[in-house]
Amino acid sequence: MSLFIIVALPFLGAVLPGIMNAAGRSAVGGVTFTVTLAAFIGLLTNLPAVLAGEVVTARVDWMPTLGLNFTLMLDALGFFFAFLILGIGLLIITYGRYYLSRNDNMGQFFTYLLLFQGAMVGIVLSDNILLLLVFWELTSLSSFLLIGYWKHLPEGRQGARMALTVTGMGGLAMIGGMLILGQIAGSYDLSVILQNREAIQADPLYTPALILILLGCFTKSAQFPFHFWLPHAMAAPTPVSAYLHSATMVKAGIFLMARLWPVLSGTPEWFVIVTTAGLITMVLGAVIALFKHDLKALLAFSTVSHLGLITMLLGTGTAFGVMAAVFHILNHATFKAALFMSAGIVDHEAKTRDIRLLGGLRTLMPITFIIASIAALSMAGIPFLNGFLSKEMMLEETTKTVLFNTWWLVPALATFGSLMSAAYCFRFIGHTFLGPVRDDYPAKPHDPGFGMWGPPAVLVVLVVVIGCAPFLAEPFVKLITGAVLGVAAEVPDKHIKIWHGWIPALYMSIVAVVGGLAVMLIYKPLQKLWDVTPRPEAKVIFEAIIEAAAKTAEAFTFWLHNGAFSRYAMIALVTIVGAGYHAWTTGTVGVATRALQETGPVAIAGWAMLVAATCALVLLHRNRFLSLILIGIVGLMVSVGFVYLSAPDLAMTQFTVEVVTIILLLLALNFLPNRTPVESSPLRRIRDSGVAIAAGLAAFVMAYHYMLRDAVTTPISEFHLANSYKGGGGTNVVNVILVDFRGFDTYGEIIVLGIAALLIYALTETLLNGPVRARLLNRVPDQPRAGDMHPMMMVVLTRVMMPVVLLVGFYIFLRGHNEPGGGFISGLVVSIAVVMQYMASGFNWASDRLRYPYHGVIGAGVLVAGLTGVGSWFVAKPFLTSDFTYVRIPPFNEFELATAALFDLGVFLAVVGAVMLSLESFSRLARRQDTQESKFAMDINPSRDDPPVGDPGAELK
Amino acid sequence: MEFLVASAIGLLTAAGVYLVLRLRTFPVILGISLLTYAVNVFLFTSGRLRVGAPPVLRDTVQVYTDPLPQALVLTAIVISFGMTAVVVMIGLGAFLGSNDDHVDDQDEENATEGQS
């Protein structure tokens, strides 16, 4: 079966259990089992190839430019781990089906489990380290969901968070390490990286990469000092603990160390870091495990200890060490999964996992007793069980390992660790199953159904078979070892045997077992001593660190983001000016290539007006009406400047926009206070002036030098000028650029404009439907109202002007392609004509006569422009390709028909709609309760007999 | 000529920055408008200055100013209207909701002061 399918199956299958809850628990469990089984069989179909020493690969280029490809690879190592993940997965699924109670959402559980399984399979089959990272993060995420599966338990949530934090941080470090590694090797494909041992180890970035990658591995595999998350993750349901902490999650770090062993190992850095961390973890985990009362906690720390053991073996950097590590991974997976499941059975049946409340279960749960005892004895290192074999290989390896120039250090600590390990195994058996039967169990314990004891039994059979007949496992272990070693070293030709003769390892084994028994004899005083010894509690420290980090982040965030806009503006401005200053002082300025142009008196006059208006605006800005007039002058002078500097289109646009902006601001000022009070201190104003002057000076210097130099490369404008008429059919190059060359930009821009108008409309609606509504309706204006709000003169004048302005707009629109003008400008002009009607006759009168809502006009505009663009698809051209032709209808001269004009129509409509919708929204706020709306065009009309209705000035007089 | 335009840009920037740093919404909006002018003119000058050579093709004329910055600035001017309108609406909504037109968050006492 293709590797893609093996990896994809759990992910695809993950959908099923979640939606099958209604079908019953067996169906959910069954479908999960089937999916896993399919993947498992798919994996087995590749077994012949793997046994033949081939590497099965599958490859799809995903993002080749980033070096990220979906490349999968299956060699003996990957096969081994995938086999464990899927094989033990099958057992766990069976067990989990019977373990979970009716109150648990089983579909959700198995969905998470399959996601996790898929991610794990992905890790072990990835050939691309970036892809591996993706799966790596997925395991962190899905294990978070699994550990926190019992959402109602606070310890479950805390444990899940802790696991995610620790493994997530490690993952982050690992991303950095992997990127460095990929950079050194020049490829992110593992198969390439593994060939580059010398280059990678010689690189100066080797050490940082190693440390970062090891951080990822150590956090995932719970190595000291990151071991603390694993026991807290035990709050998860037991199937999760058994799965995550025996065969999968925590083995991911080990897997990666093994996978990268050929390139990373063998250096002093690797040796010291990995061996030391592994050794400390092994001893520490074993000691803590001995004194844990919770069965699962005891097993959790024993897992920590055994992971340390494997890590240490990988750290030694010898081929024999690797072989021992591989063998122990296999053995640990078998006996530890069986032990977890046994602990789960005890918990399930006796309703407690507190070892102090247990004991004497031997006769009550004989099957569980046998299974758990065999598994525990294997872990303790008793002969004829598989744990003994790998443990002895480990001890043998330690006798050859010299750390810190002390020959006895590693063997002594390893023996001590094994001794403690044997002790907690004996305690597990002794305090749970042996001893007198009690009568105060929380529930009456008995053996569970086959569904729960079957899976651990299968594993225990393996424990015994491998333990008695190691030659059965040996070929596989050697094959896997060969896959780990790659070309870096030869597979050792030693055989895995029960009897090696009287070698030091055997004595160490005997010391460990006998010592373990001795410890059990003096357990009570030891426990008392342990209880009174002060020791750091990892969870407390972890939470203190998290809290401190959160506090720091909070303080920093609130300091930066304190709700003061002026502070943000100041930070941004100072940063921009500072960056500009840095560029100015460190960069170089080219020679001026353009001469200054002459300045006439007209230009100077315009400049003087602009300067005067701007300065006056700053000085008089507290008077808001006055400042509107002044900013109008500024805008006007800018428009005039555009005319003078050969930009008629810009001038027309700026001018018309200026008109609608001022109307808009006037409408807003209707509600706002019309003076700005003096609030800031003189010091603050001086500071702000300083920043302002610096920014202004910077802008001046940059603009000035910019204008005195030519473009570095030939601007694209040459092309536009040359092709405007030939290709676009228009002589106004600016307009042709807008509707043709860069039509797509314009299309986006009218959409943005439309969205802005709709946003204003939506905000108005919110205000009018919220608590503000009452205030608006009962508002007493702070200015006297006009006595004649809709004067006859103005009404008549705007009516007369309306067709004229519309005609002007139409004319500007039509000529736009060849002369200054176009959709934008005519849209603004027409808007002004319509706004004048509102101003003259009032909101109600005008909106009563409104035929099309402005939203629709915006939509129509965008639609027309879009459809024009789509039209070019029908002639097999890209979006917005324009075309034009010249036609002649007899009474007229020849004229041009261009699709660009249709596009410009869309622009026109969108602009009219957007401007009108914005202004209309503002006016809607102005309606008040005390003003009766007139339905007439003007308040006083000599041709009408009835008295004016709702004279708004009346009550103010 | 270049000096005039550059100094105008500088002045508009300085005035805009000063007003943006004020404490009430209205001057801040005016400041943003001034900055908009400055930015638009600056973008426009990236085509360099040329008097009396509009980019409208004529048979007899050979020299034209750069049309591209003009096209880009044209849409920028229209978009800046949309932006100003949205900002004004937000400022107005905030004022109507809290009867306070400070741009910075106010303490409770200061907020009531602002109402007077």
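The values are calculated or read from the model by the stated rules, or taken from the named source; none is laboratory data. These figures come from a predicted structure and were not determined experimentally. Every residue, glycine among them, receives a Cβ derived from its backbone with ideal geometry; neighbour counts consider all protein chains shown.
Kindly provide the set of residues from region A:686-700 that are within 9 Å of another protein chain (Cβ to nearest Cβ) and either of a type in the set (A, V, I, L, M) or surrounded by fewer than 15 Cβ atoms within 10 Å (Cβ to Cβ) (or both), ordered by number. Show your work before the answer.
Within region A:686-700, the first condition is being within 9 Å of another protein chain (Cβ to nearest Cβ), and the residues that meet it are A:687-689, A:691-700.
Correct list: A:687, A:691, A:692, A:693, A:694, A:695, A:697, A:698, A:699.
There is no residue in region A:818-825 that is surrounded by fewer than 19 Cβ atoms within 10 Å (Cβ to Cβ) and among the small types (Gly, Ala, Ser).
Among the residues of region A:563-583, those identified as out of contact with any helix residue (DSSP H, G or I) (no Cβ under 7 Å at 6 or more places or on another chain), of a type outside the set (Phe, Trp, Tyr) and more than 7 Å from every other protein chain (Cβ to nearest Cβ) are A:567, A:571, A:572, A:575, A:576, A:578, A:579, A:582, A:583.
Selection of region A:806-817 for residues being out of contact with any strand residue (DSSP E or B) (no Cβ under 9 Å at 6 or more places or on another chain), farther than 19 Å from residue A:910 by Cβ and surrounded by 15 or more Cβ atoms within 10 Å (Cβ to Cβ) yields only A:808.
I'd like the full set of residues that are more than 18 Å from residue A:821 (Cβ to Cβ) and either at the interface with chain B (Cβ under 7 Å from one of its Cβ atoms) or not small (Gly, Ala, Ser) (or both), limited to region A:721-746. Please lay out each step first, then the result.
Quick first cut of region A:721-746, residues more than 18 Å from residue A:821 (Cβ to Cβ) only: A:721-723, A:726-727, A:744-745.
If the condition is that a residue be more than 18 Å from residue A:821 (Cβ to Cβ) and either at the interface with chain B (Cβ under 7 Å from one of its Cβ atoms) or not small (Gly, Ala, Ser) (or both), then A:721, A:723, A:726, A:744, A:745 are the ones that fit.
Look at region A:841-860: where a residue is among the acidic types (Asp, Glu) and a partner is at pLDDT below 90, sitting 6+ places away or on another chain with Cβ atoms under 9 Å, you get A:848/A:935. Against the list (1) assigned to a loop (DSSP other than H, G, I, E, B); (2) of a type in the set (Asp, Glu); (3) at pLDDT 75 or above, the condition residue A:920 fails is (1).
When we screen B:16, B:10 for residues that are more than 7 Å from chain A (Cβ to nearest Cβ) and touching a Gly at 6+ places or on another chain (Cβ under 9 Å), the only hit is B:16.
The set of residues from region A:608-628 being without any contact (Cβ under 8 Å) to a residue 24 or more places away in the chain and either more than 7 Å from chain B (Cβ to nearest Cβ) or assigned to a strand (DSSP E or B) (or both) comprises A:608, A:612, A:615, A:616, A:619, A:620, A:626. What do you reckon, is residue A:557 surrounded by 10 or more Cβ atoms within 10 Å (Cβ to Cβ), without any contact (Cβ under 8 Å) to a residue 24 or more places away in the chain and within 17 Å of residue A:703 (Cβ to Cβ)? Spelling it out, it is not the case that residue A:557 is surrounded by 10 or more Cβ atoms within 10 Å (Cβ to Cβ), without any contact (Cβ under 8 Å) to a residue 24 or more places away in the chain and within 17 Å of residue A:703 (Cβ to Cβ). Filtered by the rule that a residue be in a helix (DSSP H, G or I), among the small types (Gly, Ala, Ser) and at the interface with another protein chain (Cβ under 9 Å from one of its Cβ atoms), region A:804-827 gives a lone residue, A:827. Checking the stated criteria, residue A:770 turns out not to satisfy the condition of being within 14 Å of chain B (Cβ to nearest Cβ), under 30 Å from residue B:80 (Cβ atoms) and touching an Asp or Glu at 6+ places or on another chain (Cβ under 7 Å).
In the set (1) closer than 30 Å to residue A:799 by Cα; (2) of a type outside the set (Gly, Ala, Ser); (3) touching a helix residue (DSSP H, G or I) at 6+ places or on another chain (Cβ under 6 Å), the condition left unmet by residue A:899 is number (1).
Selection of region A:133-158 for residues being part of a helix (DSSP H, G or I), over 17 Å from the mean Cα position of the chain (by Cα) and free of Cβ contacts under 8 Å to residues at least 60 places away in the same chain yields A:154, A:157.
Name the single residue, out of those in region B:23-59 being touching a residue at least 24 places away in the same chain (Cβ under 8 Å) and more than 7 Å from chain A (Cβ to nearest Cβ), that is farthest from residue A:630 (Cα to Cα).
B:43
It is to be established whether one or more residues within region A:701-710 are in contact with a Pro (Cβ under 9 Å, 6 or more places away or on another chain) and either buried (at least 20 other Cβ atoms within 10 Å of the Cβ) or facing chain B (nearest Cβ under 9 Å) (or both).
So far as region A:701-710 goes, no, none of its residues is in contact with a Pro (Cβ under 9 Å, 6 or more places away or on another chain) and either buried (at least 20 other Cβ atoms within 10 Å of the Cβ) or facing chain B (nearest Cβ under 9 Å) (or both).
When region B:60-99 is limited to residues that are more than 7 Å from chain A (Cβ to nearest Cβ), outside any helix (DSSP H, G or I) and of a type outside the set (Ser, Thr, Tyr), the one that is surrounded by the most Cβ atoms within 10 Å (Cβ to Cβ) turns out to be B:99. In region A:629-675, the residue that is nearest to the other protein chains (Cβ to nearest Cβ) out of those that are part of a helix (DSSP H, G or I) and charged (D, E, K, R) is A:649. Suppose the filter is facing another protein chain (nearest Cβ under 8 Å) and of a type outside the set (S, T, N, Q); does residue A:678 pass it? Spelling it out, it is not the case that residue A:678 is facing another protein chain (nearest Cβ under 8 Å) and of a type outside the set (S, T, N, Q).
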